[in-house]
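Taking it in order: structure first as structure tokens, then the write-up.
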Amino acid sequence: MSTQKSTRQKAGTVEDNALRLDTEKAEQIIEALNADLADAYVLYHQLHKHHWNVEGAEFLEIHVFLQEVYEDVEDAADEVAERLQALGGVPHASMTTLAANATVEHEDEDVYDIRTSLENDLEMMGDIIESYREHISLAEGMGDYATAEMLREQLETLEEHTHHIEHYLEDDSLVLESATK
């Protein structure tokens, strides 16, 4: 293994890009995308935590659902990071940097009942949805329609998952009341 260190690009810098987006515009979009990337990893870890800890009669369905959601979030994060690089930026990659740049609040280490967990997921996803909407407008305003479209597609997926969580949290159930006593 080589011991030579060669830095190709310093974190926090923006280089010219082949996409012909002005560097000043790219800087603003990269900052927004790095926040989205940080938020995605906070959400990913929270969803994963809830996937591990879910219990109860609906265990399997919710366990599988949460895995689908965190895998979609991970795919979205990868797409955001690759777009950041295409725009000439450096994606946040360390846990410390991601945590420091997230706009959503981390859930603590405690394990909660699944209703509380899903309510926490719903809250975080709602905050990320609002952020995505702002960043779509930013990208469009800067003439970066491809980034806006990428975020729009991710927003649609996130909204769909959010809607499903909302349904899980409804009071209606086929479980007989006598079965819960």
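Points to keep in mind about this one:
- Lysines with Cα under 27 Å of Lys25, excluding same-chain neighbours fewer than 8 positions away: Lys10
- Total formal charge among the other residues, if their Cβ is under 9 angstrom from that of Thr23, Lys/Arg +1 and Asp/Glu -1: -4
- Protein accessible area in segment 14-102, 1.4 Å probe - carbon and sulfur %: 47 percent
- Segment 50-75-segment 112-181 distance, computed between alpha-carbon centres (Å): 14 Å
- Taking the average, over residues, of other Cβ atoms within 10 Å as the packing measure, peptides 29-38, 86-95 rank 29-38, 86-95 from highest down.
- Intensity falloff of segment 108-181 expressed as log10 I(q)/I(0), Debye formula with alpha-carbon point scatterers, at q = 0.17, 0.20, 0.21, 0.26 Å⁻¹: -0.75, -0.88, -0.92, -1.11
- With θ taken as phi - 60° and the Karplus curve 6.51 cos²θ - 1.76 cosθ + 1.60 applied, the whole-hertz 3J(HN,Hα) list for segment 153-168 is 5, 5, 4, 4, 5, 5, 5, 5, 5, 4, 4, 5, 4, 4, 5, 4 Hz, x standing for glycine and proline.
- A simple rule links phi to the HN-Hα coupling: the Karplus curve 6.51 cos²θ - 1.76 cosθ + 1.60 with θ = phi - 60°, which for segment 71-82 gives 5, 5, 5, 5, 4, 5, 4, 4, 5, 5, 4, 5 Hz, with x for Gly and Pro.
- Just so you know, the Cα atoms of segment 10-87 work out to an Rg and Dmax of 16.8, 54 Å.
- Length-normalised contact order of the chain in % [C-alpha pairs under 8 Å, at least 6 apart]: 27 percent
- Rg/Rg_ref, the chain, where Rg_ref = 2.2 N^0.38 Å and atoms are Cα: 1.20
- Sparse packing (at most 15 other Cβ atoms within 10 Å of the Cβ) combined with a DSSP loop state is found for the following GluC sites (Glu not before Pro) in segment 65-142: Glu105, Glu109.
- Averaged per residue, the chain has 62 square angstrom of accessible surface, using a 1.4 angstrom probe with ligands and nucleic acids left out.
The values are calculated or read from the model by the stated rules, or taken from the named source; none is laboratory data. As the structure is a computational prediction, the values presented were derived from the model and not from experiment. Ideal geometry is used to build each Cβ from the backbone, glycine not excepted, and the neighbour counts take in all protein chains shown. Calculation scope for accessible area: heavy atoms of the full protein, side chains included, ligands and nucleic acids excluded. Shrake-Rupley method; radii C 1.70, N 1.55, O 1.52, S 1.80 Å.
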